[in-house]
Amino acid sequence: MADRQKIIIDTDPGQDDAVAILLALASPELDVLGITAVAGNVPLKLTEKNARKICELAGKPETKVFAGAIRPLARTLVTAEEVHGQTGLNGPDLPEPKMKLQEQYAVDFIVETLMKEDAHTVTLCPLGPLTDIALALIREPKIAKRIKQIVLMGGGFFEGGNVTPSAEFNIYVDPQAADVVLHSGVPIVMMPLDVTHKALTKATRVEKFRKLGTRVGIATAQMLEFFERFDEQKYGSDGGPLHDPCVIAYLLKPELFSGRECNVAVETGSELTMGMTVIDWWGVTKRPKNALVMRDIDHDGFFDLLVERLGRL
Ligand code: BDR
Ligand code: CA
């Protein structure tokens, strides 16, 4: 096999984050150097614990999990218990994790890893607010030229927002951090709501996870059933959007996705549109292209990949 892709997953689990972590840990093409937890869907104490619960569920307790930022750069933390439940991982009954949290601060781990590994070999995969990534870029600006790419879930344009009419949750929670990342010069691939809203969990798909008959398969079905109820009510859809696994799926099978290079700017001033990602899809400004923005997904191929990979755990 070709060299494994080295990745760091920065995450705020969250059921969809959990499925993304399971997909990464199940995939031999990926070398998960560490998982860094950030405050987002629920406070940091829960996101770092949830990350460890998922590593244990995957049977990979040797995975290194670090705790990062407790709050956004400039704003008060907004959480999403109404979507993910009080624990952030409502649905399955997962045991308290036995594996220890690493002592190093997540931001230091990100910087140290990028300075130590060969340049352009480590991909960052942010699945939550961009606070840890922005802090790392501020702490050691040299990492910008060493990161291979940042593949992130966040933003929305044609679909609008999901937490306000114009903003998607991850960007809304820490718009200043998103602004730092978008201005970093690092190659960025963005999975906005425009693509994730086409990756719906649907009852038939959830059943495929359950039919794996494994702990991972059954727990995934239980997580998705809890997670999807909120968006099913909101959008009147069969299933909810499975956002974060799109990031990991892109690393494994980029051909599942299509999009275009655009300028992306984020609103950090107006309360009305705070955290809106202004995506110049039609190229009407002269602003430089700073992200590959995805808009379409082969959703059957995506779910086939997920079921096949989670079936390996
Ligand atoms: C994003 O927000 C969170 O609730 C999900 O985990 C995902 O990362 C979708 O807007
Ligand atoms: Ca997330």
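Laid out as a table, the results:
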{"read-out": "Residue within segment 155-178 that is within 17 Å of the chain's Cα centre (by Cα), farther than 22 Å from ILE297 by Cβ and hydroxyl-bearing (Ser, Thr, Tyr) present", "value": "yes"}
{"read-out": "Any hit, segment 182-197, residues being over 30 Å from ASP108 (Cα atoms), surrounded by fewer than 22 Cβ atoms within 10 Å (Cβ to Cβ) and not β-branched (Val, Ile, Thr)", "value": "yes"}
{"read-out": "Of all residues making up segment 110-144, the number that are assigned to a strand (DSSP E or B) and either away from ligand 1 (no atom under 16 Å from the Cβ) or over 13 Å from ILE8 (Cα atoms) (or both)", "value": "2"}
{"read-out": "Residue match in segment 108-129 (condition: among the hydroxyl-bearing types (Ser, Thr, Tyr) and farther than 17 Å from ALA24 by Cβ)", "value": "no"}
{"read-out": "Wholly enclosed strands (runs of 3 or more DSSP E) of segment 1-70 bearing at least 3 residues modelled with pLDDT under 95", "value": "none"}
{"read-out": "Selected residue [within 16 Å of ligand 2 (Cβ to nearest atom), acidic (Asp, Glu) and closer than 27 Å to PRO254 by Cα] from ASP118, ASP132", "value": "ASP132"}
{"read-out": "Among (1) within 16 Å of ligand 1 (Cβ to nearest atom); (2) touching a residue at least 60 places away in the same chain (Cβ under 8 Å) - the single one LEU313 does not satisfy", "value": "(1)"}
{"read-out": "Contacts under 9 angstrom Cβ, first residue in segment 8-19 being of a type in the set (S, T, N, Q), partner in a strand (DSSP E or B), 6 or more apart", "value": "THR11/ILE35; THR11/THR36; THR11/ALA37; THR11/CYS125; THR11/PRO126"}
{"read-out": "The one condition in (1) closer than 22 Å to THR47 by Cα; (2) touching a helix residue (DSSP H, G or I) at 6+ places or on another chain (Cβ under 7 Å); (3) away from ligand 2 (no atom under 16 Å from the Cβ); (4) not polar (S, T, N, Q) that TYR105 fails to fulfil", "value": "(2)"}
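The values are calculated or read from the model by the stated rules, or taken from the named source; none is laboratory data. Source: prediction; values computed, not measured. Heads up, the Cβs are rebuilt from the backbone with ideal geometry, glycines too, and the neighbour counts pull from every protein chain shown.
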